[in-house]
Each structure stands twice: as structure tokens, then as C-alpha cells.
Amino acid sequence: MGFIKWILVVTSASLVCGCHHQNTSADFQKQHYFYSNIQGNNTIEGEHIFIKTIKKDTIVFYNEIGDLLNSINKRWILGQGSGKPYYDTGKEYLWRIKEVIAEKKSIIVHQPKSIQLDLPVVFWKSRPLPVLFSNTLQSSWGFSKINYNPTDSNYSTHLYQCDTATTDIYLATSKNGLEWNIKPILTPKDFGSIKWNFSDDDTLKTSPLISDIIQYQGTYYSFVYGDDAEKHTYIGLLTSDALEGKYTIHEHPIIAPRKESQYACHDVYHPKVIQIDSSWFMFYTGKNNQQEEFICVAQSKDLLNWTNLKENIIPRNKGWNSAMFNQLCAQVKLNQDTLMIWVTGAKNVGDYDSPNKGNAMDACIGKFFTVLPELNFKECPGNPVFGGNPIYKVENDHIGAAFQEIDIDGYKTTFYHGKGISSKNYTLLIQ
């Protein structure tokens with residue numbers, strides 16, 4: 001598999017304002033991941049997609065679905081939920097599409113007998129199945145940043161256990177991006193005197209999680225986050241001359257929760273860092289006392305001292321990212337004066353006894369952009385752009401914020417981690 005230099009194609013986008021599901025005037029958008037309503041716009045609840053009739057293997061829809069059927073083909077999958085609260089994402093039952101007959105408002109599917117006319121359906125875009133990052137990794141895993149060295153074509157990244165009782169930090173290296181050598185480099189004992197990574201009952205079972213790496217002027221800056229004794233999360237810093245170590249663990253956090261903030265008074269975590277001109281910008285998640293999450297941004301001249309610039313920079317809509325949780329920066333890229341940010345989001349499912357239908361309820365990733373020097377982000381059309389593949393068992397529940405696209409030699413490769421409906425673990429994947 002080839003890997004690639006970064007190539008960013010930025011399309012102009014008009015801002016689509018979120019609206020209540022009764023408002024169906026939102027523009028139709030060609031979708032990258034799923035269609036949840038006849039408006040073809042996942043920023044709203046919209047009008048759910050219902051089937052009119054089923055004749056043998058042919059499904060006929062109501063007339064309003066015309067634009068949507070003109071936008072899909074046999075690579076898409078028809079999905080339907082169970083009708084039960086929180087088991088109604090549209091991934092519970094799936095049918096492959098054999099043919100799309102847009103002029104007749106119909107599709108032909110494999111074995112449609114179990115489809116229910118009284119429940120809405122969703123269309124999912126299938127993609128090639130990924131490969132496992134490693135066949136030897138057990139438990140649940142995330143990664144920081146994939147570093148590619150064009151001089152020797154080597155790859156490196158940090159790995160960490162996530163959603164586990166014990167966490168260590170590992171270094172993974174590869175000569176082809178597919179076969180990885182993995183070894184531990186930091187354990188909880190290395191953080192024994194660090195107050196911003198104080199473990200439960202002082203047994204030192206956890207290292208901080210690591211979300212980004214920057215190499216600058218011969219030094220590696222590894223950005224991590226951990227909890228103190230009062231369960232507040234802080235962003236810390238490790239520096240080293242090489243990724244293999246030795247690491248200097250900075251005693252004080254570089255970003256801390258701010259009591260006066262309505263967005264980041266309880267926790268700060270999962271930073272992603274990018275250089276813009278002579279400054280560095282950090283995009284991270286802030287959490288308040290209501291457990292709501294918001295993307296915030298800080299600025300630095302030296303990667304060591306940071307000043308908070310702005311909070312709550314990513315707009316929410318009434319559809320795929322309406323929930324006040326699961327908002328983390330997954331990736332950030334710069335193309336001339338346009339800054340692009342990939343952000344996780346989830347749908348607000350509403351009341352337990354009467355949840356909203358039609359949209360995916362699980363975490364997925366959408367893109368937002370701003371034209372510098374402003375930090376006023378707008379949503380790109382066609383969101384979300386990436387999510388768990390509904391037909392692959394290790395990611396058919398959702399994907400997390402460990403995500404990175406790399407372009408080298410004409411191939412785009414996506415590194416990410418996903419969680420399956422039947423599993424509690426995140427699996428590292430490459431597509």
C-alpha cells in the first residue's frame with residue numbers, strides 16, 4: 001500500500017443554519033456517510049424516510065425522495081432500526097442494494113422480507129473494509145499522530161490503552177505502514193510525582209493519554225492529558241530528542257481548567273496542534289460542570305507557554321452533532337488561508353421513551369472551516385464525512401477521535417479506531 005504527502009482540497013461551502021425538525025427548507029447536500037431524511041441534509045432532523053410499498057424485492061418510496069435516489073448507487077446500504085429506544089440507529093438491520101431505479105422512486109434489495117413499513121429507514125454509504133493496525137494488540141487502543149519520514153519512508157506513532165483500568169504509552173514504528181514494531185516507553189510509575197496525572201487511590205495504574213506530536217527544531221513535543229486527585233483533566237507536555245526517549249515530563253500542565261469559564265471549568269483534554277505562520281495553535285476539548293463538551297483554541301509562540309484565545313468555536317446543529325457531548329478535535333489541516341478542522345459529534349437522541357429517529361445516534365466525524373485570520377468556523381456541506389462502517393463488526397457502533405488522513409504518492413490512507421456493537425474495545429484500523 002502506498003502512503004502520501006498531504007494534499008488538501010478545500011471546497012467553498014455555504015453555511016447551513018440548523019433548524020427544528022419541523023423546518024424542512026434546508027438545502028439538499030450530497031452526503032459522504034449517510035442519508036437520514038428526504039431533505040438530504042443531516043444538519044436537521046428533517047422528514048424521515050418511509051417506504052410506501054414492497055413488491056417482492058422492490059421497495060417503492062414516496063415521491064419526495066427523488067433527489068436522494070439520484071445521489072446513491074449499489075455501493076449504498078439500506079438500514080433500519082429496531083424501534084426500541086437507543087437501539088434505533090439504523091444499523092440494526094441492513095440490506096444490500098442491487099439496483100437503484102430513481103425514475104420510479106424505487107430500489108431493489110436482497111431479501112427485504114423483514115423490513116417494517118412503520119419504521120423509517122436510513123441509507124449508509126459502504127466503503128472498503130479496513131485492515132487491522134496490528135494482529136497482536138488486545139484490549140482497547142488509541143494512537144496519537146502518525147509521523148511519516150519521507151527520507152527513509154518510516155512511520156512512527158504513540159499508542160495507548162483507552163477505556164481500560166491500566167494504561168501505558170507505547171512507541172509503534174513501521175517501514176511500510178502495515179507491519180508495526182510496538183514497545184512500551186512510559187509506564188504509570190514514570191508519572192508518580194506529577195500532580196496533573198494522579199491515579200485512583202495512588203496505585204499508579206494509569207499514564208496520561210497522548211493525542212498529538214510535534215517535531216520542531218530537533219525536539220519532539222508530545223501532548224498528553226491526565227486527571228488530578230479531584231478528577232479534573234489537564235493537558236500536559238512531554239519533550240524528547242527522539243520518540244524512543246528519554247522523555248522529560250513537564251511538572252506543570254500547559255492548559256488547565258478555568259473556574260471562570262462556562263465551557264472549560266471542569267476538564268481540558270485531547271489537544272491537536274498546528275503551526276500557522278510564526279504561532280502555534282492548539283485545538284482541544286473543554287468540559288463544564290454539566291458534562292457538556294466544547295472545542296476551544298489556545299495560542300503559543302514556543303509550544304511551552306499557552307494563552308487561551310477562544311472557547312466554543314464549533315457550531316452545533318439540530319442533526320448529527322446536536323448532542324452536547326462527544327465533541328473532540330480529530331484532525332486539523334491548513335491550506336493557504338483556509339483552516340479545516342475535523343470534529344467528532346453525536347446526535348441528541350431526545351427522550352428515552354420517544355427518541356428522535358432518522359439520524360445516526362453514534363459518534364461520527366464532520367468537517368468545519370474558517371478563513372484566517374478569523375476563527376469563526378462554519379460547517380462544510382455533506383457532514384458527517386466519516387463514521388463506523390455498519391457492515392464491519394469491529395466498527396459498526398461508532399468511531400472515536402483517534403483519526404488521521406495521510407496522502408503519500410497518490411494514495412490516501414486513513415488511520416482510525418472504531419468500536420463494534422458487540423464489543424467494548426476500540427480497534428485500531430487502517431483504510
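Of the residues making up region 157-177, those that are under 15 Å from Leu238 (Cβ atoms) and either outside any loop (DSSP other than H, G, I, E, B) or not assigned by TED's automatic domain parsing to the domain that holds Ile214 (or both) are Thr157, His158, Leu159, Tyr160, Ile169, Tyr170, Leu171. Which of the residues that make up region 141-192 are closer than 23 Å to Glu251 by Cβ and either β-branched (Val, Ile, Thr) or free of Cβ contacts under 8 Å to residues at least 40 places away in the same chain (or both)? Scanning region 141-192 gives Thr167, Asp168, Ile169, Pro184, Ile185, Thr187, Pro188, Lys189, Gly192. Taking each residue of region 73-101 that is under 15 Å from Asp118 (Cα atoms) and looking for partners that are loosely packed, with under 13 Cβ neighbours inside 10 Å and of a type outside the set (Asp, Glu) with beta-carbon atoms closer than 9 Å, six or more apart or interchain, yields Gln80/Ser114; Tyr93/Ser114.
Here Lys231 meets each of (1) basic (Lys, Arg); (2) under 18 Å from Ile169 (Cα atoms); (3) in contact with a His (Cβ under 9 Å, 6 or more places away or on another chain) with one exception, condition (2).
Counting the residues of region 28-41 that are without any contact (Cβ under 8 Å) to a residue 60 or more places away in the chain, out of contact with any helix residue (DSSP H, G or I) (no Cβ under 7 Å at 6 or more places or on another chain) and not assigned by TED's automatic domain parsing to the domain that holds Ser71 gives 0. Residues of region 240-277 that are among the hydrophobic types (A, V, I, L, M, F, W, C), surrounded by 17 or more Cβ atoms within 10 Å (Cβ to Cβ) and part of a strand (DSSP E or B): Ile249, Ile255, Val268, Val273, Ile274.
Any idea which of Gly400, Gly388 is at pLDDT below 95 and in a strand (DSSP E or B)?
On the way: Gly388 fails: in a strand (DSSP E or B).
Only one candidate qualifies: Gly400.
Scan region 141-168 for residues that are acidic (Asp, Glu) and under 16 Å from Phe223 (Cα atoms) and report the count.
Residues of region 141-168 acidic (Asp, Glu): 152, 163, 168.
Applying the additional criterion that residues be under 16 Å from Phe223 (Cα atoms) yields 168.
Within region 141-168, residues that are acidic (Asp, Glu) and under 16 Å from Phe223 (Cα atoms) number 1.
Residues in region 75-127 that are more than 19 Å from Asn63 (Cα to Cα) and among the aromatic types (Phe, Trp, Tyr) were compared, and the one that is modelled with the lowest pLDDT is Tyr86. The residues in region 79-123 that are over 21 Å from Asn389 (Cβ atoms), of a type in the set (Asp, Glu) and crowded, with 18+ Cβ neighbours inside 10 Å can be counted, and the count is 0.
Here is the figure for region 108-148: residues that are more than 26 Å from Gly66 (Cβ to Cβ) and part of a strand (DSSP E or B) total 7. Screening Lys301 against (1) surrounded by 23 or more Cβ atoms within 10 Å (Cβ to Cβ); (2) within 22 Å of Lys333 (Cβ to Cβ) leaves a single unmet condition, (1). Of all residues in region 229-245, exactly one satisfies the criterion of being in contact (Cβ under 8 Å) with a residue 24 or more places away in the chain and out of contact with any strand residue (DSSP E or B) (no Cβ under 8 Å at 6 or more places or on another chain), namely Ala229. Within region 90-106, does at least one residue satisfy the condition of being under 26 Å from Gly319 (Cα atoms), under 22 Å from the mean Cα position of the chain (by Cα) and not basic (Lys, Arg)? Yes, that holds for at least one residue.
Would it be correct to say that Lys125 is at positive phi and either outside the structural domain of Lys393 (by TED's automatic domain parsing) or within 26 Å of the chain's Cα centre (by Cα) (or both)? Judged against the criteria, Lys125 is not a match.
Picking from residues in region 278-292 that are buried (at least 24 other Cβ atoms within 10 Å of the Cβ) and touching a Phe, Trp or Tyr at 6+ places or on another chain (Cβ under 7 Å), the one that is farthest from Arg258 (Cα to Cα) is Met282.
What about Phe28, is it within 30 Å of Tyr416 (Cα to Cα) and outside any loop (DSSP other than H, G, I, E, B)? Spelling it out, it is not the case that Phe28 is within 30 Å of Tyr416 (Cα to Cα) and outside any loop (DSSP other than H, G, I, E, B).
The values are calculated or read from the model by the stated rules, or taken from the named source; none is laboratory data. Just so it is clear, the structure is predicted and the values come from calculations on it, not from any experiment. Positions of Cβ are generated from backbone atoms using ideal geometry, with glycine treated the same way; all protein chains shown enter the neighbour counts.
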